[in-house]
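Read-outs throughout are calculated quantities, based only on the coordinates presented, and are distinct from any laboratory measurement. Everything numeric here is computed off the predicted structure, so don't read it as measured data. When we count neighbours, we look across all protein chains shown, and the Cβ atoms used for this are built from the backbone with ideal geometry, even at glycine.
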Amino acid sequence: MTTLTLGYRNTSLHAAVAAAVARVLEAYEIEPDYVVGPAEALGEMLAGGEIDLFATVWHPDEDSVFLSPAVEPMGCLYRPAFGFFVADRPGAPLAGLDSMAGLVASDAARHLLTPESLVPRVRQMVAGYRLTEAGFTIESHPDDEAYAAIAEAIEAREPVIAPLFTPNYLIHRMPLRPLADPQGAAGKELTARLLLSKAMRERADTDMLDELDELTLGNKVVSALDDAVRNEGMTADDAAEAWQRGKLLPR
């Protein structure tokens, strides 16, 4: 086998993760054919056997559109987790805030700059900590616009709360820390897994499959990969190569 279709969603994060997965394939002399598209179309292609390997789905409850009897999950590349973040540096306006339990009594800005894809998660947090009664409002924007607004506000030392999933390029680029969530309103940590076509398992090299199953990137590396593609002028392949050579993160 010398070819394989490798699917991923069209974001810089997923592109960079797919490129990192491709480094394993290339070690077995397999040149992947990338397949990119919207979630619904990719889910249909996976179910129809048109995609051999997919990077990645977030288990257990984020990405059910990709699951079907034709595929099986494998490995755990990183662990996505949602939370509310604040700036973490000397003199930051919310330096004394370490828990969601103290948010209402804090000086945090009452508008929550929210990526549109995270609105349901933010609503859970708002309800769980009764933030509406304290004057908090959700200000949603397309994801990239929200990320840019959060970054600008943090650079301006505004007391903003950043609703984010980690990994995310902002967490690599800026000093951010998550607030403790004693009520568990943010939901549980997820696992980012590969999806393998069952038909592919029957003909793929078992050593390669074992290596894919054991591949671990971690949230810190994935955040750095995302940032490299977004802000450092790298292609996804460039970023994956930098990671493989140990040049992506300081040692």
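Evaluate E = 1/(1 + (r/R0)^6) for Arg123 and Val65, where r is the Cβ-Cβ distance and R0 equals 25 Å; express this FRET efficiency to the nearest 0.05.
Working: r = 21 Å, r/R0 = 0.83.
Using R0 = 25 Å, I get an efficiency of 0.75.
Taking label positions 7 Å along the Cα-Cβ direction at both Thr132 and Thr2, the computed distance is 6.1 nm, reported to one decimal.
I'd like the orientation of helix 119-128 relative to the chain: the angle between its Cα long axis and the longest Cα principal axis, in ° from 0 to 90, rounded to 10. Once rounded, one gets 50 degrees.
Here's how it looks for Ser140: its modeled amide H is under 5 Å from those of Thr114, which are all 5 or more places away or on a different chain. Specify whether the C-alpha gyration tensor of the stretch 97-166 places it in the rounded, prolate or oblate class, a ≥ b ≥ c being the square roots of the eigenvalues: rounded for a/c under 1.5, otherwise prolate if a/b is larger than b/c and oblate if not. It comes out oblate by the Cα gyration axes.
Between Gln183 and Asp88, the simple spin-label model (points 7 angstrom out along Cα→Cβ) gives 2.4 nm. Each residue of the stretch 209-220 is assigned a 3J(HN,Hα), and the resulting list reads 5, 4, 5, 5, 5, 9, 5, 10, 9, x, 4, 5 Hz, derived from the Karplus form 6.51 cos²θ - 1.76 cosθ + 1.60 (θ = phi - 60°), x at Gly and Pro.
Take the Cβ atoms of Asp238 and Glu202, set R0 to 30 Å, and the FRET efficiency comes out at 0.35. In a simple Cβ point-charge model (Lys, Arg +1; Asp, Glu -1; nothing else charged), the chain has a dipole of about 920 debye relative to its Cα centre.
Note on the chain: antiparallel DSSP beta bridges, both residues inside, total approximately 55 percent of the bridges counted. From the helices alone, meaning DSSP H stretches of at least four residues, give me the mean residue ellipticity at 222 nm for the chain, per-run term -39500 (n - 2.57), in deg cm²/dmol to the nearest 500. Estimated from H runs of four or more residues: -10500 deg cm²/dmol.
Phi angles of the stretch 43-52 translate, via the Karplus equation with coefficients 6.51, -1.76, 1.60 and θ = phi - 60°, into HN-Hα couplings of x, 5, 5, 5, 5, x, x, 8, 10, 7 Hz per residue; Gly and Pro are given as x.
For Thr191, the amide hydrogen comes within under 5 Å of the amide hydrogens of His59, counting only partners 5 or more places away or on other chains and with H modelled in the peptide plane.
Its relative contact order, with pairs defined as Cα atoms under 8 Å and 6+ residues apart, puts the stretch 81-178 at 46 percent. Comparing Leu113, Leu77, Ala127 along the charge dipole axis of the chain, the residue lying farthest to the positive side is Ala127, per the Cβ-charge model. The simple spin-label model puts a point 7 Å past each Cα toward its Cβ; for Glu44 and Ala109 those points are separated by 4.0 nm. When the alpha-carbon atoms of the chain are used, the pair Rg, Dmax equals 19.4, 61 angstrom.
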